[in-house]
Amino acid sequence: MTREDAATIFERIATLLEMQGENPFKVRAYRTGAEIVESFSGDIMQLAAENQLAGIKGLGEALRDKLHEMATTGKLEFYDKLKAEFPDTIFELFDVSGLGPKKIAALHAELGVSSIADLKRACESGTAAKLSGFGAKTVEKILESIAFREQHASEFRQDQVHGLVQEILEALREHPNVSQAEICGSFRRGKETVHDLDFLVSTRQPEKVIDFFVNLPVVVDVIAKGPTKASIHATHGLQCDLRAVTSKEFPFALMYFTGSKEHNVAIRQRALARGWSLNEYALTPVPEHAGAAVIPPVHDEAELYRALDLDFIDPELRENTGEIDAAEDGKLPRLVQLENLRGVFHNHTTASDGGGTLREMAEAAHDLGFQYLGIADHSKASFQANGLDEKRLLVQIEEIQELNAEYAEEGFRIFTGSEVDILKDGSLDFSDEIMARLDYVVASVHNVFNLPEAEMTKRIIKAIENPHVTMLGHLTGRLLLQRPAYQVNVAAVIEAAAETGTIIELNASAWRLDMDWRWWKLAKEKGVKCSINPDAHSTRGLEDVIYGIKAARKGWLTRKDIINCLPLAEVEKVLQAKRAR
Ligand code: DGT
Ligand code: CA
Ligand code: CA
Ligand code: ZN
């Protein structure tokens, strides 16, 4: 059981207990437990398995025992019993945005709502609007949220599949009859969401490997099983396909199943032009083709591209948006890698809505090998996130200066910053005088999402015209699979960022990944720099940069396009560049 699973179970226990009217302290203990499990910086499941959890703040004995049980047995009897008192479909309700545990409890107790289908009926018939705490607005929001969910019912975010991919790949690679195993499809291409996972192995014993695959512990049910392929459902209904091929076929299958379909079609055309036919198993001569070139030997994917007179194309670029021409001309970018990151901006602490203290965040960033950490807690307008007012911000600046004195010898530095709210009219939540005291400012929209496009665009552009706004945070406000982007003219914002010298954030949280990768080529052309920002709300959140790196690679970005690939000695100049203009 992964820590995410364990945290989800604690969170669900909290909600179910709340629905049963349990004592709020008990409810809170589980909710806190979920946060601790989620954000703990060591391998908490390993510690739990070894009974080494004593002394972790906020994790009482009852929760430690439960974690131990989950880590060792993969189950929790207490949860299974509690769950049995509710219909299975109740959990669907927890994913509806705008519906908290209190509202779910009221809907359940007073209207017997225990599924999304029930909820939809209650909203459409008008009965939900009559409940206390509900109104026409709430009901409308809930219906919108249900519709959005239905549209994306079979998609998954990176954070939901990342652990599973590693787990299945590891299992396959350890199998004695498997010589190579890879993940293909949209996951390998680094898409922000995926429909299913496509695994590929090379083996001489396909049946044995297929048998092994359909019996993995993560398998919930088997959809189909044949001699060389199988499909299963894993946790949360996620479909996983496996193909077994020979090692000779492997490079062809790897390219084919990585896709995209559009990339494959263009590549196949290219093969045809040489008198070759390309499919998922081989490159073969087209029988009736006169003057076909001799097919060179192909042992891996790079040789397959080479055979077609192309440089190796990184999977993230395979969307047929110009990568083939660039590969032919030797003009592919050398894509940024995780190892290129030198530091991270836009991170929260316990001063606003983060789970780690300033010191904990700094230690964690330092341990990850970063040379700098940019703090950016919320500003006062984000009161629901405990945003800092001027006074608290000034105190935090002092704390950071003290910590920096401690770190000075280690070549590590904390940058003072703030995630300043862009108010409705495009003005900022802090005065220029206050912002001038900070090393950098991230400006973000956190409320009033429903403006017409022109007004929202004007609002954001006005904000980034301020010389103290170093970078623009999560450009469209989208939450993947949960909340759509607000209306905004992204091209116009990019243009304004270029003119004002404003950096645009690539928010690395798997929920956002915004500005979207599809826009970075344009931004790069205009000379706009990127900052890959984890927007970490815990020490573990810093590791979300892995998702940001994938999105940046998908956006054709190199280390030169990304400010936090700069070493400490150079990054400060870049933070000051806009003010110095
Ligand atoms: P998704 O929807 O997130 O699962 O996206 P993919 O790209 O993983 O799509 P999937 O799982 O349907 O198929 C995996 C790859 O197999 C796809 O990227 C390209 C290849 N493929 C699937 N169907 C076709 C097809 O009809 N023609 C070609 N040329 N390739 C295909
Ligand atoms: Ca797929
Ligand atoms: Ca598939
Ligand atoms: Zn934000």
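Observations on the structure shown:
- Cα gyration tensor shape for the chain, rounded if a/c is under 1.5, else prolate or oblate: oblate
- Taking the DSSP bridge list for the chain and keeping only pairs wholly inside it, about 40 percent are antiparallel.
- Charging the Cβ of each Asp and Glu at -1 and of each Lys and Arg at +1, and nothing else, the dipole of the chain about its Cα centre rounds to 940 debye.
- For the pair residue 208 and residue 580, label points projected 7 Å from Cα toward Cβ lie 6.4 nm apart.
- Spatially, the stretch 533-553 and the stretch 270-291 are offset by 43 Å when compared through their Cα centroids.
- Exposure ranking of 350, 457 by accessible area [1.4 Å probe, largest first]: 350, 457
- The stretch 1-123 - percent of accessible surface contributed by carbon and sulfur, probe 1.4 Å: 49
- The antiparallel fraction among DSSP beta bridges confined to the stretch 338-579 stands at about 10%.
- Helical content of the chain, expressed as a calculated mean residue ellipticity at 222 nm, amounts to -12500 deg cm²/dmol (DSSP H runs of 4 or more residues, -39,500 (n - 2.57) each, divided by residue number, nearest 500).
- Normalised by the number of residues in the stretch 3-151, the mean separation of alpha-carbon contacts (under 8 Å, six or more apart) gives a relative contact order of 19 percent.
- Note that the stretch 252-328 presents 47 Å² accessible area per residue, ligands and nucleic acids not counted, probe 1.4 Å.
- The stretch 156-247 - percent of accessible surface contributed by carbon and sulfur, probe 1.4 Å: 46
- Spatial separation of Cα centroids for the stretch 192-255 and the stretch 303-370, in angstrom: 27
- Once the C-beta distance of residue 288 and residue 247 is scaled by a Förster radius of 22 Å, the resulting FRET efficiency is 0.15 to the nearest 0.05.
- For the stretch 513-574, the square roots a ≥ b ≥ c of the C-alpha gyration tensor eigenvalues yield an a/c of 1.5 or more together with a/b not exceeding b/c, which makes the shape oblate.
- The Cα atoms of the stretch 389-543 give a gyration tensor whose axes a ≥ b ≥ c have a/c of 1.5 or more with a/b greater than b/c, which makes the shape prolate.
- Computed over protein heavy atoms with a 1.4 Å probe, the carbon and sulfur contribution to the accessible area of the stretch 338-579 reaches 51%.
- Contact order, relative form, for the chain: 10 percent (alpha carbon pairs under 8 Å, 6 or more residues apart, mean separation divided by residue count).
- Of all DSSP beta bridges in the stretch 156-247, antiparallel share, percent nearest 5: 70
The values are calculated or read from the model by the stated rules, or taken from the named source; none is laboratory data. For clarity, every value in this text was computed on a predicted model and none was experimentally measured. Note: ideal-geometry Cβ built from the backbone for every residue, glycine included; neighbour counts use all protein chains shown. Calculation scope for accessible area: heavy atoms of the full protein, side chains included, ligands and nucleic acids excluded. Shrake-Rupley method; radii C 1.70, N 1.55, O 1.52, S 1.80 Å.
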